[in-house]
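Values quoted throughout were computed directly from the atomic coordinates according to the rules given, and no laboratory measurement underlies them. Keep in mind the model is a prediction, meaning the values are calculated, not measured. Glycine also receives a Cβ, built like all others from the backbone with ideal geometry; neighbour counts cover every protein chain displayed.
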Amino acid sequence: MQKGYFYFISDDYYQKFPNEKLMANKEMVNGEVHNRPCYYSFQDDDEKDIYWMIPVSSQTDKYLEEYNKSIERYNMCDSISFGYLKGQYNAFLLQNMCPVTQKYILNQYFYADSHNPVHIPNDLKRELNAKARKILRLAKKGKKLTFTNILKMKKELLSEL
């Protein structure tokens, strides 16, 4: 796995964490392979075998409403970011981020025409990494900004290594 790229998570991961509020995995849609959601990845600062995955959604209107409410209320929003992925405007859902190990990676996301890895601009990478690290620091202090129990999940994944 490489940090800063996009991956798909296997169904085994969702079976391991059935009671977490993870975004639904869709390896198959109408009998055809249709991996989604895709996840932006970055490596954990402390545990190099752990990668943090931030799901991407094309439902920007839905998440823009949540983002704007947070901006109105708190003058900031660390749980959602927006940017372009493959030329399309998308929401990056830090509120749904989760830890993963290589064992649960199904495959990497590639451009169909060139077979190059899908990527995003460096400024968006920096924004996502900074917000995610802030969320992790706050989680360690007992503040919960994610729907999933990310520290419990990380501990379970580390116990498998």
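Simple point charges give the picture: +1 on the Cβ of Lys and Arg, -1 on the Cβ of Asp and Glu, and for region 115-161 a dipole about the Cα centre of about 420 debye.
Taking the chain as a Gaussian network of alpha-carbon nodes connected by springs under 10 Å, the highest mean-square fluctuation of the residues V100, V56, V118 belongs to V118. Give the label of the value calculated from the structure for Rg and Dmax of the Cα atoms in Å, choosing from (i) 15.2, 45; (ii) 16.2, 50; (iii) 15.1, 49. For Rg and Dmax of the Cα atoms in Å, the calculated option is (i).
Simple point charges give the picture: +1 on the Cβ of Lys and Arg, -1 on the Cβ of Asp and Glu, and for the chain a dipole about the Cα centre of about 660 debye. Computed per residue of the chain from DSSP H runs no shorter than four, each worth -39500 (n - 2.57), the mean residue ellipticity at 222 nm is -10000 deg cm²/dmol. Cross-link reach is defined here as a Cα-Cα straight distance under 27 Å, omitting same-chain residues fewer than 8 places apart; for K141 the lysines meeting it are K3, K16, K21, K48, K69, K125, K131, K152, K154, K155.
For region 100-160, the gyration tensor built on C-alpha atoms gives an oblate shape. Its axis ratio a/c (a ≥ b ≥ c) is at least 1.5, and a/b is not larger than b/c.
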